[in-house]
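Every number here is computed from the coordinates shown, using simple stated rules; none is lab data. Everything quoted here is computed from the prediction, not taken from an experiment. Glycine gets a Cβ as well: all are built from the backbone with ideal geometry, and neighbour counts include every protein chain shown.
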Amino acid sequence: MSEKKFWTRFGGVTAAIALGAGYLIYAEFGQIEAARAQLAQLRTDIKTARDTVRKTPEVEREVIVLREISDRIREVLPDTKDLLNVIRDFQDYSKEAGVKPSAFRPSTDPGKGRRQQGAFEKVGYQLTMTGDSFQFLEFLNKIETHSRFMAVSSFKVNAASRKALEEDGVAKHRIQMEVETYKYVQPSAETTGVEINGYERKRDLLAGEIARRRDALTTLETYRYRGPRGRRDPLIDPRVPAQVDDPNAWTVQRQMEEVDELVRRMAEAQRYWDASNSAPSVLERMVQRSELEKVITLLDEDIRRIERENRISYKPAEKRLSLGVTEPLAELRLTLAKSKADSGPSEVQMQTVGDLMVAHIDAGDYGMALDAFKALADELELVKGPEERARLADWLRLLADDARTLRDFAAIEMVVGGYALHEGYAPVVIVNGKTRSVGDPVGDELIVHDVRPNEIDFIFRGAILTRVF
Amino acid sequence: MITINLLPNEYRRKARSPIGVMTAIAAAVLVNTSLFAYYGYLEFGTSANIETSRSVLQLDLDGLKSQVAYHKALQKEIQTRSAREKTLSEITRNRVLWTKTLDELLDVVHEGREGIEHFVWFEDIDVKLEPSGGSSRGGYGRLKAAGHSGSEDYDQVANFLEDIEGRDISGLWQIFGKPQAPQARINDADEDLIPSVNWSFPLTIDLLSPDERVANRSVAEEAGQ
């Protein structure tokens, strides 16, 4: 081989080896760069992951709180329409508030029922009912404080006419309202909860926060309606008749309020009656009956007083009194009388009537005392049984006799012209223009018993009664 | 081809190492050896170190991955559960508590006494709420009522409308704008009733926007109302 050829080959081989090595080095550099970039990325990923993981306890706490209040949130904004229960609630509320529903149907408004902003769906219901303003407010309040979120989007109240009010005794305004409730639309990617280690312990540590968030949910703006509070119904024409039949009559508002109170007490009596009928034991039945008799007796008393004093003259109030109190009370008394036809009034009833009579006699209202007695007089004949009942019956009769005597004595008119009191001489008094002394009769049943300054004692039907002049 | 040197030994050129060749070979070997050595350093030193570090970091990251996945699952759960809360606050914000509103309207009506004040009653009350609002007047909803004022003085209608805005009487100002300008028409006198004279008037009040209602409520709360 020539030298030239040798050098050529040698150079070629050497260069080839060098190039190969260079390539390997170059490739290695590339790999190293890539590996370094990967390393940097890994470091960044690890830093990010560590930062993320560092926040996990905080996120865990939030999840635990959300899980613990989720029941309440679901209650307020459920996943289902659950319309059947909504309607049942409406029914309960209308009964409790006293409004009379006449129709209900799903809202036909084309805007209603559509999914809103992808998060919830409106479910509208239209209700039609009658009732007075306060009943409507109570119904409204029950809806707006329902555990499930509900909102009233519209309502219209048409006032009952004056004539209808006079006929019915109660205001039956026509009410139409639109109630909306909401169904939560779950996102498709709704997750199920992951397991959290030591959940119970962590939850216990968060009890305060859970309670605070739960409270915040339950304090969604609500309002506590406190009833009429002496205010008049703004949908009732409050003008009073110009011709007042009786000057004793209360104002229209007072009449309505008094009648409302009597209606409430009548409802209370009815509750006692129902409770006594469904009482699980004889003792409970007796307790309910005695309460019932007390309520009835006092109710009777107040009705008599109102009628006697002609306090009610406003037609709607009159009608309401008749429909809501007088008639049902008479019916209840009749039913009650039938149930105890063989036994007469109870001890409690007699005691209550007796106490009332004593109060009337002390107040000089003998007629009212006799009216109270009259309500029981016939039934007293049936009292046989235990000695205490017979004693109470005798006491009532005695009170009635006293009231009668006092009433008749008070009704005797006499004019006292003067009197003379002198020590050592019999006192003398001029009654109805004639001079009388102790022991002299005045009229048929009256005998002068004693004379003192400004008062005379008379013997009247076996009792000594004093007339002050 | 074989070359045979037939010269006697003393004539032959003395054999000696070819310095140039040796130098060239040595240089070539040195260069290439150095290159391979450097390659070896890169491959088995630097690269291996990097790989070791990478493996360690990867192991570290793999250890964190499950914790990150757990964190993400928790966050997803928060998002889902919070969405319901957010939805609730959205619909709550638009709601008007009509019990409170009507109760306060009753308070205003009750302020008016026969012969003393406006003495107002209504034939009807019509209320409509528009949560999304609108460009027209009454866009967020409106309360309309056909009212009567049992007074000979028609300025009692103005007194009533003033009472509706009165902050010391009720909180109606928090949700309603100003009532429309007063107008009234006298009705035929009814001598059978006291008062015999009454004025019919329309009551129209527009609802404020949800933002304004929330702001007014905050103002009222700060003022202790």
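To the nearest µm²/s, what D does Stokes-Einstein give for region B:1-128 at 10 °C and 1.306 mPa s, using the Kirkwood radius over alpha carbon pairs as Rh?
Estimated via Stokes-Einstein, D reaches 59 µm²/s.
Relative to 2.2 N^0.38 Å, what does the C-alpha radius of gyration of region A:66-107 come to as a ratio? Two decimals please.
Ratio of Rg to 2.2 N^0.38 Å for region A:66-107: 1.53.
Taking just the C-alpha trace of region B:136-208, give me its Rg and Dmax in Å.
In order Rg, Dmax, the Cα atoms of region B:136-208 give 13.9, 44 Å.
Take every residue in peptide A:5-14, count the Cβ atoms of other chains within 10 Å of its Cβ, and give the average of those counts.
Partner-chain Cβ atoms within 10 Å, mean over residues of A:5-14: 2.
Between region A:277-308 and region A:31-75, what is the C-alpha centre distance in whole Å?
The distance from the Cα centre of region A:277-308 to that of region A:31-75 comes to 71 Å.
Under the definition of partner shielding as Cβ atoms of other protein chains within 10 Å of a residue Cβ, what is the mean value for peptide A:50-58?
Partner-chain Cβ atoms within 10 Å, mean over residues of A:50-58: 4.
Check cross-link reach from A:Lys384 to the aspartates and glutamates: straight Cα distance under 14 Å, and skip same-chain residues fewer than eight apart.
Counting by Cα, and skipping residues close in sequence, A:Lys384 has these aspartates and glutamates nearby: A:Asp342, A:Glu347, A:Asp394.
Taking θ as phi - 60°, what are the ³J(HN,Hα) couplings along region A:450-463 by the Karplus curve (6.51, -1.76, 1.60), each to the nearest whole Hz, with x for Gly and Pro?
Listing the rounded values in order: 6, 10, 10, x, 6, 8, 10, 8, 10, 9, 9, 6, x, 10 Hz.
Kindly give the semi-axes, whole Å and largest first, of the ellipsoid equivalent to region B:20-94, taking each as the square root of 5 times a Cα gyration tensor eigenvalue.
For region B:20-94, the semi-axes come out at 66, 14, 5 Å.
Quick one: angle between helix B:19-41 and the longest Cα principal axis of chain B, in degrees between 0 and 90, rounded to 10, please.
Its long axis makes an angle of about 30 degrees.
Please grab the % of Cα pairs in region A:247-339 that end up more than 15 Å from each other.
60
Given the C-alpha atoms of region A:416-468, compute the convex hull and give its volume per residue in Å³.
69
Work through the residues other than A:Asp362 whose Cβ is under 12 Å from its Cβ and net out their charges, Lys, Arg +1 and Asp, Glu -1.
Net of charged neighbours comes to -3.
Give me the mean projected area, in nm² to one decimal, of the convex hull enclosing the Cα positions of the protein assembly as shown.
Approximately 65.2 nm², given one-decimal rounding.
Do any chymotrypsin sites (Phe, Trp or Tyr not before Pro) in region A:380-428 lie in a DSSP loop with no more than 10 other beta carbon atoms within 10 Å, and if so, which?
Within region A:380-428, the qualifying chymotrypsin sites (Phe, Trp or Tyr not before Pro) (loop, at most 10 other Cβ atoms within 10 Å) are A:Tyr425.
Lysine pairs in region A:75-187 with alpha-carbon atoms under 22 Å apart, 8 or more places apart or on different chains: how many are there?
Eligible lysine pairs with Cα atoms under 22 Å apart amount to 22.
Of A:Gly30, A:Met129, A:Val157, which is farthest along the charge dipole of chain A in the positive direction, counting Lys and Arg as +1 and Asp and Glu as -1 at C-beta?
A:Gly30
What angle, in degrees between 0 and 90 and rounded to the nearest 10, separates the Cα long axis of helix B:210-222 from the longest principal axis of the Cα atoms of chain B?
Roughly 80 degrees, rounded to the nearest 10.
Mind pulling the per residue volume of the convex hull built on the Cα atoms of chain B? Å³ is fine.
308
What whole-number value in cubic angstrom gives the convex hull volume per residue for the C-alpha atoms of region A:14-64?
So the per-residue hull volume is 45 Å³.
What would the Debye equation give as log₁₀ I(q)/I(0) for region A:1-93 at q = 0.14, 0.24 Å⁻¹, counting only Cα atoms as equal point scatterers?
Results for region A:1-93 at q = 0.14, 0.24 Å⁻¹ read -0.83, -1.12.
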